[in-house]
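Asker: Have a look at the structure that comes next, please.
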Amino acid sequence: MLKRIVFVLCLLAMVSGCVNKQMLKEQITEAIRENPQIVLDAMRENSVDMLTIVEQGIDQREKLKREAALAAEIENPFKPRIWSERPMLGNPSAPVTIVEYSDFLCPYCSKGAKVVSKLVADHPEKYKLIFKHLPMHKQSRELALVFEAIAQFDKEKAYKFHDLAFERQKELYEDKQGVVLGKILAEIEVNADQLQKTLNSAQLQEFLLADEKEAGEFRIDATPTFLVNGVSVRGYLPADRFEQMVDMIMEKSAKAAPVETPEGEVCEDCLNQM
């Protein structure tokens, strides 16, 4: 019906020979204002096309928002705290610092951890990696405390725990009696008495609270999120795409080609994705 009304108006315009584009626009607007039902009818008749257009618009808007946020962070990067008392992988003098905000029970964190850990292992001269916590659930927090406790007396064993905890993530989630956790600790030969003594340290809680506070200040609300030299990369990305993001961030040039900002896979409620 809308097309018919527009056609009639256009026909009248041609017949009159004196209606300019502005007048035509006003006439169409007036016709729609007086007959709003024709717009609803047209939307119903073309609902699939309308939905596609809306979805494309939303996607484009989100892409532009990500690009604007990325450009702002490159101009003014975040400055996360680097603790000398906490474990780090790679070369302390490496040109690329990755700070990882993670949750031991987040499936995408498990995938993301493998990507960044392998990058550091393959290119230790280029990367240094700092692991921080953004636990979404009580059980995740307990695992984070175990990691930090082990790191206080053996950083190498802490990262062995890190790898095994992510590898056996689903088992840990389903393990309500602590059996799987006990097996992991036995496998990496952690002294139970030493661990329990360290778990009572107030500093461990300080580490986690500081991580959570820092994440909030940086508007990080999902895991995994990475800061690459202070610029956020949100979600899990395959290794090649993650490296592309690192290279783009390293350029830090206004003359760089237009930035593609992929949306990675994140957890906002990880346990529902187990």
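The values are calculated or read from the model by the stated rules, or taken from the named source; none is laboratory data. Because the structure is a prediction, the values reported are computed rather than measured. We place every Cβ from the backbone using ideal geometry, glycine too, and count neighbours over all the protein chains shown. Ligands, DNA and RNA are excluded from the accessible area calculation, which covers all protein heavy atoms including side chains. Shrake-Rupley method; radii C 1.70, N 1.55, O 1.52, S 1.80 Å.
Asker: Residue separation times 0.36 nm, minus the C-alpha to C-alpha distance between Ser47 and Asn191: what's the value? Walk me through the numbers on the way to the answer.
Answerer: Details: separation 144, 0.36 × 144 = 51.84 nm, distance 6.40 nm.
Stretched fully, the Ser47-Asn191 segment lengthens by 45.4 nm.
Asker: What spacing in nm lies between the two simple spin-label points modelled at Ala210 and Lys114, each 7 Å away from Cα in the Cβ direction?
Answerer: 3.2 nm
Asker: Now a separate question. In nm, to one decimal, how far is the modelled label at Ser84 from the one at Met23, with both set 7 Å along Cα→Cβ?
Answerer: With each label point 7 Å from Cα toward Cβ, the separation is 8.1 nm.
Asker: Give the peptides 139-146, 209-216, 30-37 in descending order of average Cβ contacts within 10 Å, highest first.
Answerer: On the way: 139-146: 20.4, 209-216: 16.2, 30-37: 11.4.
The most tightly packed comes first, giving 139-146, 209-216, 30-37.
Asker: Determine the share of the stretch 60-109's accessible area contributed by carbon and sulfur atoms, expressed in whole percent, with a 1.4 angstrom probe.
Answerer: Carbon with sulfur: 54 percent of the solvent-accessible area.
Asker: Moving on to the next point. Provide the gained length on full extension for the span Gln177 to Phe153, in nm with one decimal, where the gain is 0.36 nm per separating residue minus the Cα-Cα distance.
Answerer: Full extension of this stretch gives 6.1 nm more.
Asker: Now a separate question. Please work out the FRET efficiency for the pair Lys126 and Glu55, using the Cβ-Cβ distance as r and a Förster radius of 35 Å; give the result to the nearest 0.05.
Answerer: On the way: r = 39 Å, r/R0 = 1.11.
Step by step, r from the Cβ atoms, then E = 0.35.
Asker: Next up: Give the Debye-formula value of log10 I(q)/I(0) at each listed q (0.20 Å⁻¹), with one equal scatterer per alpha carbon of the stretch 124-223, two decimals each.
Answerer: With one equal scatterer per Cα and no solvent, log10 I(q)/I(0) is -1.11.
Asker: Accessible area per residue, 1.4 Å probe, Å², for the stretch 110-181: what's the number? Provide the component values of the computation, followed by the final result.
Answerer: Values: 3270 Å² over 72 residues.
With the other protein chains kept in place, the stretch 110-181 gives 45 Å² per residue.
Asker: Also, I was wondering about something else. Sort out for me the Cα centre separation of the stretch 144-210 from the stretch 58-120, rounded to whole Å.
Answerer: The stretch 144-210 and the stretch 58-120 have Cα centres spaced 23 Å from each other.
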